[in-house]
Amino acid sequence: MKNKRLLTRAKLGIVDSILGLAAWINRLFSEQRHNPYRCSTCGSTDVLTRVWVMPNKGSRYVEDCIDSAICDDWCNSCNQYARIRPTDVLLAKAEEWWGETDFRDMERVTGYYILDFDPEDGYQAFVDTCNEWWDGETTDDKITVYLNNQ
Ligand SMILES: [Zn+2]
């Protein structure tokens, strides 16, 4: 009886190890590794989402839960339910937002002042400097700036 329990425990340990290895390999080649989901409120990648698993097969992943009525996402940074989106979606929104910012927002976000630039050509030097600043920002920073200005 005791040997049977030890054998069962050993089998479960092996199954857990294999499932853990499979999850690691899956993550290694997944899109989320290069395009992680982020909180659409704060931009954090420390988020959770609900998924369907097979509880009788070591909680093997089946698919993402897509029923919005029961599948709320969670952000550990906000410590609340939050909508999560892939990084490329939030980055596209950030780029679109930046393309529509006015001079006042550009000053506020970059710290450059339009009056420090030559007014010739409609302050094109100011716009170019602000765009260079934006292009130098990381994806994380662009998303954070965008989300902080919504
Ligand atoms: Zn958040």
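Details
- Long-range HN-HN contacts of V51 with modeled amide H, under 5 Å: C65
- Amide H contacts of R60 (H built 1.01 Å from N, in plane; Pro and chain starts excluded): M54 sit under 5 Å, all sequence-distant by 5 or more or on other chains.
- Estimated 222 nm signal from helices in the chain, with DSSP H stretches of n ≥ 4 weighted -39500 (n - 2.57), rounded to 500: -16500 deg cm²/dmol
- Nearest-ten-degree value, helix 87-99 long axis tilted from longest Cα axis of the chain: 10
- Note on the chain: with charges restricted to the Cβ of Lys and Arg (+1) and Asp and Glu (-1), its dipole about the Cα centre is near 2460 debye.
- Split the chain at each of the chymotrypsin sites (Phe, Trp or Tyr not before Pro) in a DSSP loop with at most 11 other beta carbon atoms within 10 Å, and the longest piece is 30-112.
- Annotated for the chain: lysine pairs at least 8 residues apart or interchain, Cα distance under 25 Å, count 5.
- Annotation: average projected area of the stretch 87-149 is 4.0 square nanometres, based on the convex hull of Cα atoms across all directions.
- 10 Å-binned pair-distance histogram of the chain (Cα, whole percent): 10, 26, 24, 17, 12, 7, 4, 1, 0
Read-outs: derived from the displayed coordinates by stated rules, not from any lab. For clarity, every value in this text was computed on a predicted model and none was experimentally measured. Cβ coordinates were reconstructed from backbone atoms using ideal geometry, including for glycine residues, and neighbour counts include every protein chain displayed.
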